[in-house]
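Notes follow the structure.
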Amino acid sequence: MECNCTENRRFPELDPDLIKYAGTEGSLITVLQRAQELYGWLPADLLAYIAQRLGVKPAKVMGVVTFYTQFRTKPVGKHLILLCQGTACHVNGSADIEQSVREYLKAEEGEITENGLFTYNNVACLGCCSLSPVMMIGDKTYGNLTKDKATKILKEIEKEEQREAGK
């Protein structure tokens with residue numbers, strides 16, 4: 001994660017958090033979460049900037065980012081879909097849900113849809129086994145999914161986006 005671009009690129013929206021947590025042991029995850037909240041993902045130059053400002057080795061920053069699945073090192077669509085592939089969801093048809101989502105979005109896992117609205121990722125478990133199969137979009141959980149129900153949810157989100165764009 002060698003990057004000389006930190007001299008030229010600044011991330012002023014994150015600076016208050018970097019100042020607040022500089023020298024505070026165990027604050028790296030908090031800063032990374034805030035950075036991802038602000039920028040949507042964590043590009044290499046941002047990670048180098050965080051390491052520099054917190055006085056942490058770049059390898060430690062990258063180690064944390066690559067260890068925790070919550071962190072993204074690639075851009076995602078406006079709506080990130082997390083499809084649970086845990087045991088309960090798998091037994092209850094999560095593979096069919098993924099196929100339906102993939103076909104509807106015309107995108108593979110991790111890709112941004114052509115309209116920029118969606119990215120879907122499979123996750124090991126969302127902790128909602130009683131609702132299986134389940135997916136999360138943003139902070140909303142959708143359970144007891146069928147292929148048709150999953151597609152209907154995505155269509156509703158697209159319609160809402162079109163309404164918002166028309167305002």
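General remarks:
- Applying the set (1) part of a helix (DSSP H, G or I); (2) in contact with a helix residue (DSSP H, G or I) (Cβ under 8 Å, 6 or more places away or on another chain); (3) within 20 Å of Glu25 (Cα to Cα); (4) β-branched (Val, Ile, Thr) to Thr66 leaves exactly one unmet item: (2).
- Only residues that are touching a residue at least 24 places away in the same chain (Cβ under 8 Å), surrounded by fewer than 18 Cβ atoms within 10 Å (Cβ to Cβ) and not in a helix (DSSP H, G or I) were counted in segment 21-42, giving 5.
- Some residue of segment 96-108 being in contact (Cβ under 8 Å) with a residue 60 or more places away in the chain and aliphatic (A, V, I, L, M): no
- Odd one out for Arg10, checked against (1) modelled with pLDDT of 90 or more; (2) charged (D, E, K, R); (3) assigned to a loop (DSSP other than H, G, I, E, B); (4) farther than 18 Å from Asn121 by Cβ: (1)
- Qualifying residue in segment 109-129 (condition: over 24 Å from Ala35 (Cα atoms), assigned to a helix (DSSP H, G or I) and not assigned by TED's automatic domain parsing to the domain that holds Gln36): yes
The values are calculated or read from the model by the stated rules, or taken from the named source; none is laboratory data. Quick caveat: nothing in here was measured; it's all calculated off a predicted structure. Neighbour counts run over all protein chains shown; Cβ positions are idealised from the backbone, glycine included.
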